[in-house]
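Written below as structure tokens is the structure these notes are about.
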Amino acid sequence: MLEYKKKICIIDFKSGNIGSVANLLEKLKVDFEISNNNKIIEKSSHLILPGVGSFKKAIMKLKQNVDILFLENEVLKKKKPILGICVGMQIMADIGNEFGTNKGLGWVEGSIDLIDNKSLPLPHIGWNDVIIEKNHKIFEGINSGQDFYFVNSYYFNLKDKNHMIGSTLYGTKFPSVINKENLYGFQFHPEKSSKSGKKIILNFLNEELIF
């Protein structure tokens, strides 16, 4: 267990990399549950939206399996810290332009667009640098330029660039760490990013990060 008491809920919307995120939290000896139950979400101190696959499928599965109005009250009204991983981050956007145009949660203004890859292979797969754009406690103990593991063809085209606190270059620069108040997003997969991934997850769970 962490020295401070935290209860994490990995939101189970029947999609994404739930198992690998759970394995990481087990290694960190963090108290967590995998659930889409309102009571579990309500009693949790931190929420994680995992994600693998397309924007269209992820937002559809979320709406089918999770009480969106209840979740929004926990996140937007109560300001409970939430972390979106990969597509879990992307569905926080207004719209996603993958397999047509689909409406997202609208929590962070912007759209999900195809990476301007400059002839580099897509999807963008493997280790790549994360450049720290803004000093933030989420980066405590992490150096600018540290590698994390990516699997993506689309990126978060933020309307307010101030929400980009970490960036990555793949053909063009795109946001790889975003923050808006209590909302956090990683385009990379911390659960596949070795020690760096463990550290940044622990930073998210740091008590001082609560908005």
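The values are calculated or read from the model by the stated rules, or taken from the named source; none is laboratory data. Quick caveat: nothing in here was measured; it's all calculated off a predicted structure. Neighbour counts run over all protein chains shown; Cβ positions are idealised from the backbone, glycine included. We work out accessible area using only protein heavy atoms, side chains counted, and drop any ligands, DNA or RNA first. Shrake-Rupley method; radii C 1.70, N 1.55, O 1.52, S 1.80 Å.
When Rg and the Kirkwood Rh are both derived from Cα coordinates, the Rg/Rh ratio for the chain amounts to 0.93.
Leaving out ligands, DNA and RNA, and with a 1.4 Å probe, what % of the accessible surface on the chain is carbon or sulfur?
For the chain, the apolar C and S fraction of the accessible surface comes to 49 percent.
Dipole magnitude for the chain: computed about the Cα centre from +1 point charges on Lys and Arg Cβ and -1 point charges on Asp and Glu Cβ, it is near 260 debye.
The spread of Cα positions in the range 1-115, taken along each principal axis and listed from longest to shortest, comes to 44, 28, 22 Å. Between V30, W127, N117, the Cα set farthest toward the positive side of the dipole of the range 1-142 (charges on each charged residue's Cβ, about the Cα centre) is that of V30. Averaged over its residues, the chain has an accessible area of 45 Å² per residue, based on protein heavy atoms and a 1.4 Å probe.
Can you check how the C-alpha radius of gyration of the range 126-211 compares to 2.2 N^0.38 Å, as a plain ratio?
1.00
Remark: C-alpha extents of the range 75-132 on the principal axes read 43, 30, 15 Å, sorted largest to smallest. For the range 43-165, the square roots of the Cα gyration tensor eigenvalues, ordered a ≥ b ≥ c, give a/c of at least 1.5 with a/b no greater than b/c, which places it in the oblate category. In the elastic network of the chain, a GNM with C-alpha springs shorter than 10 Å, the most mobile of I142, I112, I178 is I142.
Considering only alpha-carbon pairs that sit under 8 angstrom and 6 or more positions apart, the relative contact order computed for the chain is 19 percent.
In the range 1-149, what percentage of the DSSP-assigned beta bridges are antiparallel, given to the nearest 5? Beta bridges within the range 1-149, antiparallel portion: roughly 35 percent. In terms of packing, defined here as the mean over residues of other Cβ atoms within 10 angstrom, the peptides 66-72, 77-83 line up highest first as 77-83, 66-72. Contact order for the range 1-108, expressed relative to its length and based on alpha carbon pairs under 8 Å spaced 6+ residues apart, stands at 27 percent.
The distance from the alpha carbon centre of the range 162-194 to that of the range 67-143 is 7 Å, rounded to a whole number. For K27, the lysines whose Cα falls under 20 Å of its own Cα, not counting residues fewer than eight places away in the same chain, are K5, K6, K7, K192, K195, K198, K199. Annotation: amide H-H contacts under 5 Å for G110 (H modelled 1.01 Å from N, sequence separation of 5 or more, or interchain): D94, I95, K159.
Of the residues I95, N143, N73, the one whose Cα sits farthest toward the positive end of the charge dipole of the range 27-146, with +1 on the Cβ of Lys and Arg and -1 on the Cβ of Asp and Glu, is N73.
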